[in-house]
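Okay, structure first, notes after.
The values are calculated or read from the model by the stated rules, or taken from the named source; none is laboratory data. All of these numbers come straight from a predicted model, not from anything done at the bench. Every residue, glycine among them, receives a Cβ derived from its backbone with ideal geometry; neighbour counts consider all protein chains shown.
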Amino acid sequence: MGNSEGNDALNHQVRLAARPTGTPGPEVWEHTSEPVPVPGPGRLVVRVGHISLDPAMRGWMNAGRSYVPPVEIGAVMRALGFGEVVASEHPDFAVGDTVTGIFGVQSYAESDGSGLQKVTPSADVPPERYLALLGMTGMTAYFGLFDVGALAEGETVVVSGAAGAVGSVVGQLAKIKGCRVVGIAGGPEKCAWLVDELGFDAAIDYRTEDVRKALRTAAPDGIDVYFDNVGGEILDAALTRLRRGARVVICGSISTYNATEPPPGPSNYMSLLVNRARMEGFVVFDYADRYGEAATELAGWLAQGRIRSREDVVDGTVADFPDVLLRLFRGDNTGKLVLRLTR
């Protein structure tokens, strides 16, 4: 119980001012400030220290039906975050507890405690890792590959967006299970990182290589699991290399998120029929009751040095969020993109 914040602190926020068309520019955002909230009975206030930046945010800005309601115009932008409890009237949370949850793009967040996870950062596990391997990123890779992808030992796995937050974990998980792993990423540095640091068997630079041709070399026996984070032409190329009984896991489609017209569907979808393959989308929130299972496994592999977590941390203020978000769509980040608030 109690309050560790002064009365003169301000809660800086980024709100959605308009629905974006194409890439979200400055006109999409409104920057506001208001007093730090004071929690009532059963509530608490978190000082946000780290904000997760995720491709899914682009979809949350759009009106229309999706797996979660859109962010309303005028509302604080939705975001996962890490922070410290600074005021509490909640029996399960004390001042000083460190937690993760959906706090939004703001300096302080008030909560009733639902959906919050207590975590314990250390010298070996920094706060941003709870937004990466040990957070939604790791959960997405784990359940997408093992449950939706139904991975079996010795199979060939191809991952697009392989140097991104989820893709880099997917490839490492497949290697732990004894699979051949091919990553598709943009640029020689990312491709070298995948092979030299993460242990991928091969990497394809989509910026300079013909992906369809490169897949014939990198996955000569075909693809058993294609884990897709980008959609578009790369998805179409992968469909031409499916093996019988292959599984295509649809996690995201970052190449199409800022399109101003509906992107064309995959032209090679009949490969699913010919190869008796399936394509299935998933949302990690559907596995919420099993997060503990995944977190235990991932933390164990991390401690054993069998998996690495790379966070691309940008220091800044809440006001820097719109610019940092654009790094995702330019492909500037390697690993999990996180904004660390310097106040």
Going by the conditions given, is T256 touching a Lys or Arg at 6+ places or on another chain (Cβ under 7 Å), β-branched (V, I, T) and either in the same structural domain as P69 (by TED's automatic domain parsing) or modelled with pLDDT under 90 (or both)? no
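One line per residue, one yes/no per condition, for (1) closer than 30 Å to A214 by Cβ; (2) hydrophobic (A, V, I, L, M, F, W, C); (3) touching a helix residue (DSSP H, G or I) at 6+ places or on another chain (Cβ under 7 Å):
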| position | (1), (2), (3) |
| --- | --- |
| V48 | no, yes, no |
| G74 | no, no, no |
| V86 | no, yes, no |
| E89 | no, no, no |
| V95 | no, yes, no |
| S107 | no, no, yes |
| K118 | no, no, no |
| R129 | no, no, no |
| G149 | yes, no, no |
Where residues in region 246-256 are in contact (Cβ under 8 Å) with a residue 60 or more places away in the chain and β-branched (V, I, T), which of them is surrounded by the fewest Cβ atoms within 10 Å (Cβ to Cβ)? I254
Looking only at region 292-313, which residues are surrounded by fewer than 17 Cβ atoms within 10 Å (Cβ to Cβ) and among the basic types (K, R)? R306, R308
Members of region 65-90 found to be among the β-branched types (V, I, T) and assigned to a loop (DSSP other than H, G, I, E, B), listed by number: V68, V71, I73
Test F93 against the stated conditions and say whether it is crowded, with 21+ Cβ neighbours inside 10 Å and either assigned to a loop (DSSP other than H, G, I, E, B) or among the hydroxyl-bearing types (S, T, Y) (or both). yes
Within region 152-174, tally of residues that are surrounded by fewer than 24 Cβ atoms within 10 Å (Cβ to Cβ), touching a strand residue (DSSP E or B) at 6+ places or on another chain (Cβ under 7 Å) and of a type in the set (A, V, I, L, M): 0
Picked from region 257-291 (must be over 22 Å from E233 (Cα atoms) and crowded, with 18+ Cβ neighbours inside 10 Å), the residue nearest to the chain's Cα centre (by Cα) is V284
Please find, within region 136-175, the residue that is modelled with the highest pLDDT out of those that are of a type in the set (S, T, N, Q) and closer than 15 Å to A295 by Cβ. T140
So which residues in region 35-59 are in contact with a strand residue (DSSP E or B) (Cβ under 9 Å, 6 or more places away or on another chain), surrounded by 12 or more Cβ atoms within 10 Å (Cβ to Cβ) and not in a loop (DSSP other than H, G, I, E, B)? L44, V45, V46, R47, V48, G49, H50, I51, S52
Just wondering, is there one or more residues in region 110-123 that are farther than 22 Å from S168 by Cα and crowded, with 24+ Cβ neighbours inside 10 Å? no
Go through the residues of region 127-143 one by one and say whether even a single one is more than 21 Å from the chain's Cα centre (by Cα) and either of a type in the set (S, T, Y) or surrounded by 22 or more Cβ atoms within 10 Å (Cβ to Cβ) (or both). no
Examine region 314-322 for a residue that is buried (at least 17 other Cβ atoms within 10 Å of the Cβ), of a type in the set (F, W, Y), under 30 Å from T32 (Cβ atoms) and in the same structural domain as G83 (by TED's automatic domain parsing), and state whether such a residue exists. yes
I'd like the full set of residues that are modelled with pLDDT of 95 or more, under 21 Å from the mean Cα position of the chain (by Cα) and farther than 17 Å from T32 by Cβ, limited to region 63-97. L80, G81, F82, G83
Of R243, R327, which residue is surrounded by 14 or more Cβ atoms within 10 Å (Cβ to Cβ) and within 15 Å of the chain's Cα centre (by Cα)? R327
From the list D228, D201, which one is acidic (D, E), crowded, with 23+ Cβ neighbours inside 10 Å and over 20 Å from R327 (Cβ atoms)? D228
